[in-house]
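Notes follow once the structure below has been shown.
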Amino acid sequence: MRHNHNLRLHPPAEISQIALAACLCLASAASMAQEATLDAVTVKETAAGSFKTEQAPSAKFTAPLIDTPKTVQVISEEVLKQTGAASLQDALRSTPGITFGNGEGGNPSGDQPFIRGMDSQSSTFVDGMRDISAGTREIFNIEAVEVIKGADSAYAGRGGAGGSINLVTKKAKNEDFVSGDVGLGSDSYKRATLDLNRKINETTGFRLNAMAHDADVPGRNGPENKRWGIAPTLTFGMGTPTEVTLSWQHLQTDNIPDGGVPYLYTSGAMAGLPGGSRVGPTYGNDRENWYGLTSRDYEKEKSDLFTASVEHRLSGSNKIRNSLRYSKTRQDYVWTQPDDSKGNAIQGYVWRRGNARLADVTTLQNVTEFTGKAQTGSVAHSFAVGLELSREKSDVRSTAIQSGGVCTSVSPPWCTSLNNPNSSDAWDFAWSLPAQATHNRIDTTALYAFDTLQFNAQWLLNAGLRVDHYKINTAGPASTGRNPAPAYDIDRSDTLVNYQLGLVYKPAENGSIYASIGTSSRPGGSSLGNGNEDLTINTDVLADLKPEKTRAIELGTKWELLDKRLALSAALFRNDVRNVRITENGVVHMGGNKLVNGVELGFGGSLLPSLSVFGGYTYMDSEQKDMGGGNIANGLPFANTPKHSFSLWTSYKPMARLTLGLGVYAQSSVNQGYVRSTIDGGIVTKGASGYTRFDAMAAYQIDKNLSLQLNVYNLGDKVYYSGIRSPHYASIAAGRSAVATLKFTY
């Protein structure tokens, strides 16, 4: 059924239970609410100040952000609320220089961020502990997103060549409140959240966050996203020297996935074009064309994170904290990849290849961290010392269902029309996942230490060192097909040593100038079977698969202006990746080089008491070098790395009760791959064009407890692509949509 893609609101019957529950929460909260008044000045100051973050959430940053010699951007809860973000990809739109990949073959679907041109899929963390599983992340239980840019294995451990992402969850507080929202919108959008905090006694607090979400994908005829989550947290000993926190986060999804749209030309056909040509994706005559099958495609994910932490304060500034986490996730899907490998798209057809995957991931992690301040003579220290222990395991079974074939006519279900696909084609093809899973296990022991040494009011030195002992085992059954391989059981261990060193000069109390250098290491198999950077199974070259190494150099300055209401940052950076894995004629060896030089600008805070801004600009000049004699990409930019990207969210309060917001997100073109022209020997590029997208928001404070917010996304209904990593298809971004949200706070 074709969805009505306009901006009318559609309150369907399915929302009734959610709406009823929200109304009951409102009524209950109203009966318990204390007397309060709406102070217009306070509202403006709170909104204006909430875009600016002074201290990074992670304790590994031992100085305020203004004195941290590295690009770190914290997306605050207020920015998340105003922009109407509901997923990690929504949230990361607020910071520039991040692009996204897409699933293909052995690379699963889900969040695949690229930071400074490098894959950061396995460098995502929740409260400082690695969240290795594939899948789409929600933010209903998130109060901030910490984005670190530049090689950062000293902070994040293995990986981190371009940076890492840390999601900061909500914790119980020593107060009583209840808040939440109910949203309805175009494209059958329905969403409700609840945030309840109760002070059980003077030292015990309980917090519960819950979410239900159900919506079609704007501008697409078929895909939909449906999920729910719950996250209770209980803290004992609040306000005492020893606090104990127990938390659980459960998230479950049941989607119809969007496999995107094919490229118009295959790599072979691209060679017949003149040099300088660009080949892009195609969706036929209508951007709503979806090439999936409702009788086949599904995406089910389930994740549970159980965390127990104990924090003991030794003094006013020194404390020790131990966190233990067990997590378990499952990803189960079949989704259609519109496979162009046989040249069907140029003929007006699409082959519906199926990608199937069943993956279970479990992790057990323990982090012990001692943080505090000390004085040695005239030098002041702010330090963090930690020990991390982890075991991560995955069992993965995946297969392609009927890889690309030739279409000479519409032949359901495999061959459909590029211009008029029929998603209701019957599908009863017999297939099965491999009988045996591929097993991956990573054991890690890591020690780290950070210290900010303050010599005087003008000079600081930030130093960090991390040593990881990393051991991987990967075992799998024999495979058949185009690339048959025998059964294998491979072990490898490495010791990874990484550092961060930065010198800070403060010409004024509200500003700093810095120079820093940092490194990262990415060993084989580091994504636990959840990404393309995994260990290549070839025992003949296993000994040569040493970790990729990255060195990042950064020169920058940070300032707090306008009575410290506005934070500004600027940096020149260079990321140099060495020992890159190269595949030539099916053989893997080391020695490639990826280099990106760039500029990073950031801003966050208030220009006026009623005008707030958040965002930045990133320039990246990337180059692939020494990637093998037959690799056409030598000397060319690497994939998924736009030269220019810009993000801006600004909000303005013309009056105490009214807030207006505008978002501008822009990116230059990105490349997927290259082919040499047989006509003139030039380079033909496959990729996607740049774009500029606008969002808008208006919020009105009805009374001290209720507000109404309207968000319009992709205001101009811009057609652009959110993922181009796969050589066969591109992920098309959502079209225009609108959501009205009633928010309550008591």
Any idea which of L358, V334, T371 is furthest toward the positive side of the dipole for region 333-392, if Lys and Arg beta-carbons carry +1 and Asp and Glu beta-carbons -1?
V334
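For the chain, what does the relative contact order come out to in percent, with C-alpha contacts under 8 Å and a separation of six or more? Please report the intermediate quantities before stating the final value.
Values: 2208 pairs, mean separation 112.3, N = 746.
Once normalised by length, the contact order is 15 percent.
If the convex hull of the alpha-carbon atoms of region 54-125 is projected onto planes in all directions, what is the mean projected area in square nanometres?
Numbers: hull surface 23.3 nm².
Approximately 5.8 nm², given one-decimal rounding.
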Counting every Cα pair in the chain, what percent are over 37 Å apart?
40
For region 633-694, just run the numbers: alpha carbon Rg, then divide by 2.2 N^0.38 Å, N being how many residues it has.
1.81
Using +1 at the C-beta of Lys and Arg and -1 at the C-beta of Asp and Glu, which of L648, Q458, N631 has the Cα lying farthest in the positive direction of the dipole of the chain?
Q458
Relative compactness, region 435-512, computed as alpha-carbon Rg over 2.2 N^0.38 Å
1.99
For region 350-415, compute Rg over Rh where Rg is the Cα radius of gyration and Rh is the Kirkwood radius from the inverse mean 1/r over Cα pairs.
1.53
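Give me D for region 201-264 in µm² s⁻¹, whole number, from Stokes-Einstein with Rh from the Kirkwood sum over alpha-carbon pairs, 4 °C and 1.567 mPa s. Walk me through the numbers before you get to the answer.
Values: Rh = 15.0 Å.
Result for D is 86 µm²/s.
Please state, as a whole number in µm²/s, the translational diffusion coefficient that the Stokes-Einstein equation yields for region 242-299 at 20 °C and 1.002 mPa s, with Rh defined as the Kirkwood radius across alpha carbon pairs.
Using the Kirkwood radius from Cα pairs, D works out to 134 µm²/s.
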Would you please calculate the Kirkwood hydrodynamic radius of region 321-480 over all C-alpha pairs and express it in Å, rounded to one decimal?
20.8
Kirkwood hydrodynamic radius of region 73-171, Cα pairs, Å
13.4
Percent of alpha-carbon pairs separated by more than 16 Å within region 683-740:
59
Signed unit charges on C-beta, dipole axis of the chain, positive-most listed residue G260, G602, Q709:
G602
For I401, other-chain or 5+-apart residues with amide H closer than 5 Å (H placed, Pro excluded) are G354, N355, A356
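When N counts the residues of region 342-382, how does its alpha-carbon radius of gyration compare numerically with 2.2 N^0.38 Å, as a ratio?
Details: Rg = 28.7 Å, N = 41, 2.2 N^0.38 = 9.0 Å.
Compactness ratio reported: 3.18.
What value in Å³ per residue do you get for the convex hull of the alpha-carbon atoms in region 301-372? List each step's numbers first, then the result.
Numbers: hull volume 10.4 nm³, N = 72.
Convex hull volume per residue, Cα atoms: 145 Å³.
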Computed on alpha carbon atoms, what radius of gyration and Dmax characterise region 618-737, expressed in Å?
20.6, 69
Using Cα centres only, tell me the gap between region 699-746 and region 165-219 in whole Å.
18
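In which sequence would S689, S645 go, from the one with the fewest C-beta neighbours within 10 Å to the one with the most? Spell out each step's value before the answer.
Working: S689 14, S645 22.
In increasing order of surrounding Cβ atoms, one gets S689, S645.
Given region 93-237, what whole percent of its Cα pairs are spread farther than 22 Å? Before the final figure, lay out each step's value.
Numbers: 5541 of 10440 pairs.
The proportion of pairs with Cα distances above 22 Å equals 53 percent.
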If you place +1 on the Cβ of every Lys and Arg and -1 on the Cβ of every Asp and Glu, how big does the dipole about the Cα centre of the chain come out, in debye to the nearest 20?
480
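Convert 4 °C to kelvin, take the viscosity as 1.567 mPa s, use the Kirkwood radius over C-alpha pairs of region 260-397 as Rh, and evaluate the Stokes-Einstein diffusion coefficient in µm²/s, rounded to a whole number.
Values: Rh = 20.5 Å.
My calculation gives 63 µm²/s for D.
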I need the peptides 603-610, 631-638 ranked by packing, meaning the mean over residues of other C-beta atoms within 10 angstrom, with the highest value on top.
603-610, 631-638
Theoretical ellipticity at 222 nm over the chain - DSSP helices of four or more residues, -39500 (n - 2.57) apiece, nearest 500:
-1500 deg cm²/dmol
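Tell me, what are the semi-axes, in whole angstrom and largest first, of the equivalent ellipsoid of region 283-322 as set by the roots of 5 times the Cα gyration tensor eigenvalues? Before the final figure, lay out the partial values.
Numbers: eigenvalues 574, 53, 4 Å².
They are 54, 16, 4 Å, listed from largest to smallest.
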Counting only backbone N atoms under 17 Å from a point 7 Å out along Cα-to-Cβ of L433, the residues of region 286-308 in range are 296-304
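All of the numbers you see were taken from the coordinates with simple rules; none came from a lab. Everything numeric in this text was worked out from a predicted model, so none of it was measured. Cβ coordinates were reconstructed from backbone atoms using ideal geometry, including for glycine residues, and neighbour counts include every protein chain displayed.
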